[in-house]
Amino acid sequence: MCIAAFIWQAHPLYPLLLLQNRDEYHNRPTEPVAWWDGSEILGGRDAVAGGTWLACSRTGRVALLTNVLELHPFHEAKSRGELPVLFLESTKSPKEFAEGLVKDAHRGFSWPSCAFKCKSGLPWHKVQRLELNFKDLLDKYGENEIPVKEVLEKLMRDKVKADKSRLPGICSIDWEFNLSSIFVEIDTPLGCYGTRSTAALTIRADGEVSFYEIYLEKDVWKESIVNYRIQKLN
């Protein structure tokens, strides 16, 4: 279960500060954050389906998605990873793009950049914990510079799990329990599943973008950072 947290136009230095953990099978071919060949897109890439979970463009568009817990996944559905790519390549507003999604069949996902909320959504221990800890760190630094690497380490590598009595009860209790921490590590018959990418995307008031990622490659944790300035549209 992927998880993300962000602040938007709530800090004098950062119009956007976004944190995300991507959870996936460790053996699924994946490319780390980089500029895509022949494209204006910067982000990690799923080497199987070709999509992404978090990416941005040179003109300042940002897209992310997280998967959701499903009892009966629709296996013939389209890859949800194509959605951020389609948004970044389009000129539609987030609202216009989101309205068009209901016409397509994709596996379950959340599209935070479009500010859609599901009335039947259940609170997750990990979401509540991340929200609380994120607020505490923001209060700690106030309007000052935020040390992104320190924030990622403190917030997104958290392995504390929920009490089993607080789980939503959508799937098996054991599976939900293992998914209930912010940082996920699970041994399964199909291989290790869990957090394999932790990223921070910041946009400063002057248009400076920084995309920092800690990612797992062949069981070794590595890090990378890409900085650029948003291009103005003609």
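Read-outs throughout are calculated quantities, based only on the coordinates presented, and are distinct from any laboratory measurement. Here the structure is a predicted model, which is why all the values come from computation and not from measurement. All Cβ positions, even for glycine, are placed from backbone atoms using ideal geometry, and neighbour counts span all protein chains on display.
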Where a ≥ b ≥ c are root eigenvalues of the Cα gyration tensor, a/c under 1.5 meaning rounded, otherwise prolate if a/b exceeds b/c and oblate otherwise, region 153-226 counts as oblate
Relative contact order %, the chain, counting alpha carbon pairs below 8 Å whose residues are six or more apart = 24
If you plug each phi of region 87-96 into the Karplus form 6.51 cos²θ - 1.76 cosθ + 1.60 with θ = phi - 60°, what whole-Hz ³J(HN,Hα) values come out, in order, with x for Gly and Pro?
-> 5, 5, 7, 9, 10, 6, 6, x, 5, 4
Kindly rank 191-197, 28-34 from highest to lowest mean number of other beta carbons found within 10 Å of each residue.
-> 191-197, 28-34
If you place +1 on the Cβ of every Lys and Arg, -1 on the Cβ of every Asp and Glu, and leave all else neutral, what size is the dipole of region 194-234 about its Cα centre, to the nearest 20 Debye?
-> 140
Going by a ≥ b ≥ c, the root eigenvalues of the Cα gyration tensor, does the chain fall in the rounded group (a/c under 1.5), the prolate group (a/b larger than b/c) or the oblate group?
-> rounded
Which aspartates and glutamates have a Cα lying under 18 Å from the Cα of Lys126, excluding residues fewer than 8 positions away in the same chain?
-> Asp23, Glu24, Glu70, Asp136, Glu153, Asp158, Asp163, Asp174, Glu176, Glu185
Using the structure shown, select from Lys95/Lys218; Lys95/Lys135; Lys92/Lys159; Lys140/Lys161; Lys149/Lys218; Lys92/Lys218 the pairs with a Cα to Cα distance greater than 31 angstrom.
-> Lys95/Lys218; Lys92/Lys159; Lys92/Lys218
Everything considered on the Cα gyration tensor (a ≥ b ≥ c; rounded for a/c under 1.5, else prolate if a/b is larger than b/c, else oblate), region 5-71 must be described as oblate
Point-charge dipole on Cβ atoms (K/R +1, D/E -1) for the chain, about Cα centre, debye to 20 | 420
Among region 202-227, those whose backbone N falls under 20 Å of a label point 7 Å along Cα→Cβ from Arg58 are 202-204, 206-212, 225-227
